[in-house]
Amino acid sequence: MMNNDRARSLQNKAAKQNAKSAKSAKSNAGKAPSKAEDRPPQQRSSKISRALQQKCLNIFRDALWTGPEDVAAVQEVKGHLYNRDFHRAFSSEAYLRAYALRWSAARALGYLQVFEDIDGFLTDLRKGTVSGQPLKVLSVGGGAGAELVSIAGWHNFTADARDSEPEQASLDVKLVDIAAWQPISDKLCEAATSMPVLSKYASAALREANVPMVSKEHFQATCDQADVLEWNEETVAAQAGSIDLVTIMFTLNELYSTSVPKTQRLLKSLTTNMREGAYLLVVDSPGSYSTVAINGAEKKYPMQWLLDHTLLGRQPETALWEKVLTNESQWFRLPEGLEYALELENMRYQIHLFRRRSPQTE
Ligand SMILES: C[S@@+](CC[C@H](N)C(=O)[O-])C[C@H]1O[C@@H](n2cnc3c(N)ncnc32)[C@H](O)[C@@H]1O
């Protein structure tokens, strides 16, 4: 968990960057991204145990693994992804299962680190001390399950880390995705809230200590199939109006590639309709992997620049969003010794966390 000093230092860094981005917004448009992505990974200490990471992987295994045929399905999906044939890559439930097993599992571990990064900002909401209500999360493009499992893990590690402060808000997670992920996310939710499957050789002690990642009474997740770029103002108000945290993880660049104007409209609509004190989390590939062409022009804009431009405008000090945490390039590296039937990959990401402010009155 991030301590207050670290939260404050990240906050200061974000504030400085807000001021800098106001000055350089115009001059930076379209320039090559900085070389921050080439820096060595940060040294960091983490409260996330390897046992918890293993539990996350076991959720994917228990929910989705059917046997060696899954390895063949992963190879086929990999081929379709390589050929950028996304339609075929996600064309059957077996392929969706294979995708989640192979790619979402590693992402879920990376996102566990992300939730540790932002936990210092969300502590009051997570403990239910702000509203006494469940902590409500909306994950845009989150159907494939990485967000679901990492949020369950986040609930688990914060509960463990705060034995002396056991109060924890329930979590209400809404995934929305253009693809038909519901059968997969239902299975993952069921596995996260059920007793993990143990080997028949497991000791009596292990059996006794066996508990779900998170209890059904503390964790709910649903998955809706929808194209968020077609949401009108009323839909955004209904979907995001009472949400505490909206996540857009490895999805914003995809939305921008589909339509810059529609993505800008969605972000503006979230700005109008999200409540004061709510958070917007954007995580995506760093640097040159996340650039956007506007109107088919050759010049490409860094995704982060477009995001800041929409949410903070030219005067970040008076914008409706405050950028409270930002990092252009961060690594999540898998520890040694995790057991999983499929290859897992380290993850490099850019991260930006915004908090909705109240409108400034002159
Ligand atoms: C690269 S995947 C990332 C998945 C997941 N968030 C993760 O990080 O593992 C992008 C996701 O966004 C979804 N997506 C793309 N365009 C969308 C849209 N217009 N509306 C809703 N979901 C969309 C895709 O179906 C896919 O699940």
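The values are calculated or read from the model by the stated rules, or taken from the named source; none is laboratory data. A quick note: this is a predicted structure, and the numbers were derived from the prediction, not measured. Reconstructed Cβ throughout: ideal geometry from the backbone, glycine too, with neighbour counts over all protein chains shown. When the accessible area is computed, the model is the full protein with side chains, heavy atoms only, and any ligands, DNA or RNA have been set aside. Shrake-Rupley method; radii C 1.70, N 1.55, O 1.52, S 1.80 Å.
Put a dot 7 Å past the Cα of GLU234, heading toward its Cβ, do the same for VAL197, and the two dots end up 4.5 nm apart.
Note on SER45 and LEU344: the extension gain reaches 105.5 nm, defined as 0.36 nm multiplied by sequence separation minus the Cα-Cα distance. Test of the criteria: in segment 133-216, which GluC sites (Glu not before Pro) are in a DSSP loop and have at most 14 other Cβ atoms within 10 angstrom of their Cβ? Here the sparse-neighbourhood loop sites are GLU167. Surface exposure of segment 143-294, expressed per residue as accessible area with a 1.4 Å probe, stands at 43 Å². Annotation note: trypsin sites (Lys or Arg not before Pro) in segment 158-257 located in DSSP loop regions with a Cβ neighbour count of at most 11 within 10 Å are LYS200.
Our summary gives segment 71-184 a relative contact order of 29 percent, counting only alpha carbon pairs under 8 angstrom and 6 or more residues apart.
Return the FRET efficiency for the residue pair GLU317, GLN264: r is the Cβ-Cβ distance, R0 is 22 Å, and the value is rounded to the nearest 0.05. The pair GLU317/GLN264 has a calculated efficiency of 0.55. Each Cα pair under 8 Å and six or more residues apart adds its sequence gap; the mean of these over the residue count of segment 4-356 is a relative contact order of 23 percent. Placing +1 on the Cβ of every Lys and Arg and -1 on the Cβ of every Asp and Glu, with no other charges, gives segment 4-356 a dipole of roughly 1240 debye about its Cα centre. Taking each of LYS127/LYS323; LYS78/LYS174; LYS136/LYS216; LYS187/LYS216; LYS136/LYS174; LYS268/LYS323 in turn, the alpha-carbon distance tops 18 angstrom for LYS127/LYS323; LYS78/LYS174. Most tightly packed first, judged by the mean number of other beta-carbon atoms within 10 Å of their residues, the peptides 342-348, 179-185 read 179-185, 342-348.
Note on segment 4-356: dipole from Cβ charges, positive end direction compared against PRO134, SER329, ALA98; the farthest Cα belongs to SER329. Please list, by residue number, everything in segment 186-217 whose backbone N is under 17 Å from a paramagnetic label point 7 Å out along Cα→Cβ of GLU93. 186-191, by backbone N distance to the label point. Sorting SER257, SER358, SER269 on solvent-accessible area from highest to lowest, probe radius 1.4 Å, gives SER257, SER358, SER269. Just so you know, the Rg over Rh for segment 4-356 is 0.95, from Cα atoms, with Rh as the Kirkwood radius. Given R0 = 51 Å, the distance between the Cβ atoms of THR66 and GLU208 translates into a calculated FRET efficiency of 0.95.
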